[in-house]
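*Asks:* Before we start, here is the structure in question, set down as structure tokens.
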Amino acid sequence: MQSYFIWNNVDSRSMGVVLSGPVAIVRPEERVKHVEIPGRSGDLTETEGEHIYNSYIQTATIQVISGFRVREVYKWLRGSGYVTFSTEPDRRQRARIIGAVTLNKISRGLDIWAGEVQFYCQPLKENLQTIVSTVSTSGTNVRNNGDVESYPIITATASTSSMTIEAGGNALVITGLTSSSDYVIDCDAQIITNTAGTADYTANSSGNFPVLKAGNNAVTGNGWSRLLIDRRERFL
């Protein structure tokens, strides 16, 4: 099977583009600081925080079948978005294409062009498929199968005018709600809206947005009848 990648929902094979070989699976570098102590050999290594990693460059060597598509490929391989490589077909990661993309013809008899593309990748990968857990009772466990804590998107059905949602040691209180209505809580962007996105309830909240730590998380609270939790698991 030929190696491929998906860039902003476009499969490279549909563009006549394949990888010359599978790209490496990269474990990102932890962000640390080395501090030298006067009069002491060596140094101290300080981490910036738990699960803080550096972005990195993933270089993909590509081949383009048919030179007439080169300009079309140039237009496609630019900007920022999400990339999925065939070495990890169930993962995607945020990236930006950097540097020049140069394609050279490598065959006299066949119309094949080759070059490199550099993806500047954010360190943590996400599930390609959305995984949603339903919580109808306070105290229900939701498992985060990722390697690090995640920032879920929660769709909550209010049962009173205020609700509390707690997970991962963080508790969020939201007021001014309408019973039986649904509200979307984006714990990454830290924004609360109605499902249509036409009304913002962020100013009606206090506390900290819930997180899902790696492993099991008890989701507790009151003032809601159901929570749909898009777990947004993240992986190294």
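*Asks:* Quick one: how many residues across the range 107-131 are out of contact with any helix residue (DSSP H, G or I) (no Cβ under 7 Å at 6 or more places or on another chain) and surrounded by 12 or more Cβ atoms within 10 Å (Cβ to Cβ)?
*Replies:* Residues meeting the conditions: 17.
*Asks:* Are there any pairs, at least 6 apart or on different chains, whose C-beta atoms fall under 7 Å, with the first in the range 122-133 and in contact (Cβ under 8 Å) with a residue 12 or more places away in the chain and the second polar (S, T, N, Q) and part of a loop (DSSP other than H, G, I, E, B), and if so, which?
*Replies:* That search, which allows pairs on different chains as well, returns Gln122/Ser55; Pro123/Asn54; Pro123/Ser55.
*Asks:* Also, quick follow-up: With (1) outside the structural domain of Tyr74 (by TED's automatic domain parsing); (2) over 24 Å from the mean Cα position of the chain (by Cα); (3) under 30 Å from Leu77 (Cβ atoms) as the list, and Leu110 as the residue in question, which single condition is left unmet?
*Replies:* (1)
*Asks:* Could you tell me whether the range 19-28 includes any residue that is in contact with a Leu (Cβ under 6 Å, 6 or more places away or on another chain), modelled with pLDDT of 90 or more, of a type outside the set (Phe, Trp, Tyr) and closer than 27 Å to Thr130 by Cβ?
*Replies:* yes
*Asks:* In the range 196-227, which residue that is aromatic (Phe, Trp, Tyr) and within 15 Å of Asp186 (Cβ to Cβ) is surrounded by the most Cβ atoms within 10 Å (Cβ to Cβ)?
*Replies:* Phe209
*Asks:* Identify all residues within the range 24-43 that are without any contact (Cβ under 8 Å) to a residue 24 or more places away in the chain, assigned to a loop (DSSP other than H, G, I, E, B) and of a type in the set (Val, Ile, Thr); write none if there are none.
*Replies:* Of everything in the range 24-43, just one residue is without any contact (Cβ under 8 Å) to a residue 24 or more places away in the chain, assigned to a loop (DSSP other than H, G, I, E, B) and of a type in the set (Val, Ile, Thr), namely Ile37.
The values are calculated or read from the model by the stated rules, or taken from the named source; none is laboratory data. Keep in mind it's a predicted model, so treat the numbers as computed, not measured. So basically every Cβ, Gly included, is an ideal-geometry build from the backbone, and we count neighbours across all protein chains shown.
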